[in-house]
Structure formats: structure tokens, C-alpha cells
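The next block holds one structure in the form of C-alpha cells; read it before the comments.
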Amino acid sequence: MTDTPAPGPDLSVGRLFDVAGRTAVVTGGSRGIGAMIAAGLVANGVDVWITARRAEACDRTAAELDARGPGRCRSVPADLSDPDGVTSFAARIAEEAPRLDILVNNAGATWGAPLDEFPRDGFDKVLSVNLVAPFFLTQALLGPLRSGATADDPARVVMIGSIDGIRVPVMDSFPYSASKAGIHMLTRHLARALADDHVTVNAIAPGPFESKMMAFVLDDPDTRAAVERSVPRGRIGSPEDVAGTTLFLCSRAGAYLTGAVVPVDGGISTTS
């Protein structure tokens, strides 16, 4: 007589990558990488709140994504570089979503100027948006993030860094690269601080993607071609690339990962 083997764990794609029914916040979600991530979450049944400074753009993107479903998408415009903006936004989210499963800190800014001429206000602005705001928004939303988190199903914080925080960029964007390197270390530090609360913190470090920040390079056919040639995979990043990585980090498949910085750059930072 042969013993019947005990059933193993369900390792199907449907279970490992299922995020349906979860709640999420995506900052800077009205365009670029933020909109790509929000679209990927909504397409997989997540209820998403997006925020951006420009109310009209935020409302328009939310309406477009909400119409696609099956998840929901709602707009909560806010200026997260302003401490009062962080406080009021977090209070609104805590009221709407007392249990928050996913926080994507994506909103970002850049500023370029020659070293000898770089202005103090430009440096301060970029650090405020890219590094200070993600820390204090995460802090303000710890209650909702902790509320439903468990050892088997932790809440997820995803920071959007950059390969310019890994390698030295060509452009004179000094505070941008410094802020993104700071986000990568902040990710690791918060991951350790929140491990006992069952909140994972990971970062995605994108390479070139379609965005307003990259438009001055990618809108010109010659410079776009040069950028594509510089990428070992030979192309610009697509919505599937960054949305897929986010889904991995936010699903059961990524539940054992924390403190990691995942370069999604076609091999620029990993093969040079």
C-alpha cells in the first residue's frame, strides 16, 4: 500500500501574485512611473488612491484608471513637500482606508545646473520632495499600514529610487542622485525598523522610462536612440516592467523580501 503524499503549498501564479482586494496609495500617481504602477495595481483588483500636486491631472488619471477596473482608483491631490500637506493627506487616507496594504512613495523632482551655479533652493526642493516627504508620509501612515499586517501577509512600502542613486549620472543633477541614494539607504533602515511590525520596505531603482522628467531626452529621436543604445536590453522601460516588479513586491511572492533595492534598468547598473 502506497501512502498518499501530503499536499504541498499552492504555488500557482494565481496565488503567488494575487493582490486583489488590497488597498494602496501611490504618490505622484498622475503620470509617468507612478501612473504605470497605479494602472498595474488597478488592473489586478487593488483599490488605489493616487496623489499629485496638480489636481486636474490627478483627477483625470484617476478617472481613466477607475473606468478600466476591476480595482478602484481615486484622486486625492496634495503637495507632499509641505508638512501640512502630508498631515492632511495622511488624515484623509486613514479615514478612507483604516487598513492600508501598500504605500508606493513615487513622487519626485529633479533640478539641473552647473556645479558652480547650483542654487540652494533647487537643492533644498529636490531633497524635500524626493527624500524628506517619503519618510514623513511613511511615518504618518504607519497606523493604517500596521493595522492589518501579519507575519504571513505583511504590509508593503515601495520606495521609488533610481539607478542615478547607484551610479554617477552624466547630467549635473547633484541633489537628485544624492536624494535617490538616500532613498536606497532609507529603505534599508526602515526595513529593519519595521520588521517586527510586519511591514516590508523595498525600493525599485528604475532606469530610463517614459516620464516628464525624461521627456527632454526621450522626445528627441537622436538622443532617444542614444539612450536605447546605452541600455544592454536595447530599449526604454515599459509599463509592464515597473508594474510587474511592483506586483511581485506587493504579492505573496515578495513577502519574504525586505530592505532590497531592485534595479529595473535593462542592465545599465548591473552589467557595467
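The values are calculated or read from the model by the stated rules, or taken from the named source; none is laboratory data. These numbers were taken from a predicted model, which means no experiment stands behind them. Neighbour counts run over all protein chains shown; Cβ positions are idealised from the backbone, glycine included.
Please indicate, with yes or no, whether at least one residue in the stretch 95-103 is under 13 Å from Ala133 (Cβ atoms) and charged (D, E, K, R). Break it down stepwise before answering.
Restricting attention to the stretch 95-103, the residues satisfying the condition of being under 13 Å from Ala133 (Cβ atoms) are 103.
Next, only the ones that are charged (D, E, K, R) stay: none.
Checked against the condition, which is being under 13 Å from Ala133 (Cβ atoms) and charged (D, E, K, R), the stretch 95-103 yields no hits at all.
Quick one: in the stretch 1-31, of everything that is among the polar types (S, T, N, Q) and in a strand (DSSP E or B), which residue is surrounded by the fewest Cβ atoms within 10 Å (Cβ to Cβ)? Walk me through how you get there before you give the answer.
We begin by selecting, within the stretch 1-31, every residue among the polar types (S, T, N, Q); these are 2, 4, 12, 23, 27, 30.
Then keep just the ones that are in a strand (DSSP E or B); that gives 23, 27.
Working: Thr23: 23, Thr27: 26.
Among residues in the stretch 1-31 that are among the polar types (S, T, N, Q) and in a strand (DSSP E or B), the one surrounded by the fewest Cβ atoms within 10 Å (Cβ to Cβ) is Thr23.
Tell me yes or no: at least one residue of the stretch 250-270 is over 18 Å from the mean Cα position of the chain (by Cα), part of a helix (DSSP H, G or I) and either more than 16 Å from Ile204 (Cβ to Cβ) or of a type in the set (Val, Ile, Thr) (or both).
Yes, because at least one residue in the stretch 250-270 is over 18 Å from the mean Cα position of the chain (by Cα), part of a helix (DSSP H, G or I) and either more than 16 Å from Ile204 (Cβ to Cβ) or of a type in the set (Val, Ile, Thr) (or both).
What residue, among those in the stretch 198-238 that are part of a helix (DSSP H, G or I) and either at pLDDT 95 or above or among the acidic types (Asp, Glu) (or both), is surrounded by the fewest Cβ atoms within 10 Å (Cβ to Cβ)?
Of the residues in the stretch 198-238, the ones part of a helix (DSSP H, G or I) are 215-218, 221-230.
Applying the additional criterion that residues be either at pLDDT 95 or above or among the acidic types (Asp, Glu) (or both) yields 222, 228.
Working: Asp222: 7, Glu228: 15.
Applying the filter and picking the extreme gives Asp222.
When you look at Gly34, is it surrounded by 14 or more Cβ atoms within 10 Å (Cβ to Cβ), at pLDDT 95 or above and either within 16 Å of Ala133 (Cβ to Cβ) or hydroxyl-bearing (Ser, Thr, Tyr) (or both), yes or no?
Working: surrounded by 14 or more Cβ atoms within 10 Å (Cβ to Cβ): yes; at pLDDT 95 or above: yes; either within 16 Å of Ala133 (Cβ to Cβ) or hydroxyl-bearing (Ser, Thr, Tyr) (or both): yes.
Yes: the conditions hold for Gly34.
Look at Asp66 and say whether it is within 22 Å of Arg146 (Cβ to Cβ), in contact with a strand residue (DSSP E or B) (Cβ under 8 Å, 6 or more places away or on another chain) and modelled with pLDDT of 95 or more.
Working: within 22 Å of Arg146 (Cβ to Cβ): no; in contact with a strand residue (DSSP E or B) (Cβ under 8 Å, 6 or more places away or on another chain): yes; modelled with pLDDT of 95 or more: yes.
Criteria not met by Asp66.
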